[in-house]
Amino acid sequence: MKIELYKKFFNEYFYSNEFNKNYESALKLIEKSSRIFFIGNGGSNAICSHMAEDFMKIGGKPTFSFSDAALITCFSNDYGYENAMKEWIKFHFKEGDLLIAISSSGESKNITNCVEFVKGKNGKTLTLSGFKQKNKLSTLGDINFHLNNTSYGVVECFHEIILHSILDEYSSKLNI
């Protein structure tokens, strides 16, 4: 049964020392951030849109997600798809902000280019990726959550679980 894949991976990943260390660090990064920007493609973009809404509504943080179709096509047309997110973030990102970058493969140029730009401006980044152990995105963030799994379902679901659990922990400290 396919559910066994999720159960097995859940126990391996969420009880690992690496996850627990990253989780605590991510929580501190969220607490210190002024605003949060979310970027991702496809299913990861849907997660970004959802999490931007929840981090604003539940966590009380100003949030932004590069998920408006007209904006994406405009910036992709004008700057090339691989630079669209980077050009968008140039207009908005300020000191004290946090970029959360989500990519199942960790190899999407538009995502990695944006993260590299933010890092070049001494901005803080949190990444969530999957698939290959040493994908490009998994080495770029200040904090990197990597899921060593090749199932889109597992990777996307676990990215959302990670972000929701961080939000739940963060918002519980706010008494919201």
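Please go through the range 79-112 and pick out each residue that is of a type in the set (S, T, N, Q) and over 18 Å from F145 (Cα atoms).
So the first thing to find is which residues in the range 79-112 are of a type in the set (S, T, N, Q), and the list is 83, 103-105, 108, 110, 112.
The answer is N83, N110.
Return the residues of the range 38-75 that are under 13 Å from S108 (Cβ atoms) and of a type in the set (S, T, Y); say none if nothing qualifies.
First pass over the range 38-75, keeping only residues under 13 Å from S108 (Cβ atoms): 39-45, 48, 66.
Matches in the range 38-75: S44 only.
Give me the pairs, please: first residue somewhere in the range 60-83 and under 30 Å from S172 (Cα atoms), second residue anywhere and modelled with pLDDT under 95 and outside any helix (DSSP H, G or I), beta-carbon distance under 9 Å, and either six or more positions apart or on two chains.
Matching pairs, first to second residue: G60/I176.
From the list I162, I89, I166, I102, which one is touching a Ser or Thr at 6+ places or on another chain (Cβ under 6 Å), in contact (Cβ under 8 Å) with a residue 12 or more places away in the chain and either surrounded by fewer than 18 Cβ atoms within 10 Å (Cβ to Cβ) or among the β-branched types (V, I, T) (or both)? I'd like the intermediate steps shown before the answer.
On the way: I162 fails: touching a Ser or Thr at 6+ places or on another chain (Cβ under 6 Å); I89 fails: touching a Ser or Thr at 6+ places or on another chain (Cβ under 6 Å); I166 fails: touching a Ser or Thr at 6+ places or on another chain (Cβ under 6 Å).
Going through I162, I89, I166, I102 in turn, just one is touching a Ser or Thr at 6+ places or on another chain (Cβ under 6 Å), in contact (Cβ under 8 Å) with a residue 12 or more places away in the chain and either surrounded by fewer than 18 Cβ atoms within 10 Å (Cβ to Cβ) or among the β-branched types (V, I, T) (or both): I102.
Looking at (1) surrounded by fewer than 16 Cβ atoms within 10 Å (Cβ to Cβ); (2) over 24 Å from S165 (Cβ atoms), which is the one condition that is false for A84?
(1)
Against the condition in contact with a Leu (Cβ under 8 Å, 6 or more places away or on another chain) and within 22 Å of N11 (Cα to Cα), how does I162 come out, does it pass? Before you say what the answer is, go through the steps one by one.
On the way: in contact with a Leu (Cβ under 8 Å, 6 or more places away or on another chain): yes; within 22 Å of N11 (Cα to Cα): yes.
Spelling it out, I162 is indeed in contact with a Leu (Cβ under 8 Å, 6 or more places away or on another chain) and within 22 Å of N11 (Cα to Cα).
The values are calculated or read from the model by the stated rules, or taken from the named source; none is laboratory data. What you see is a predicted model, and the numbers here were worked out from it, not measured in a lab. Please note: Cβ atoms are built from the backbone with ideal geometry, for glycine as well, and neighbour counts cover all protein chains shown.
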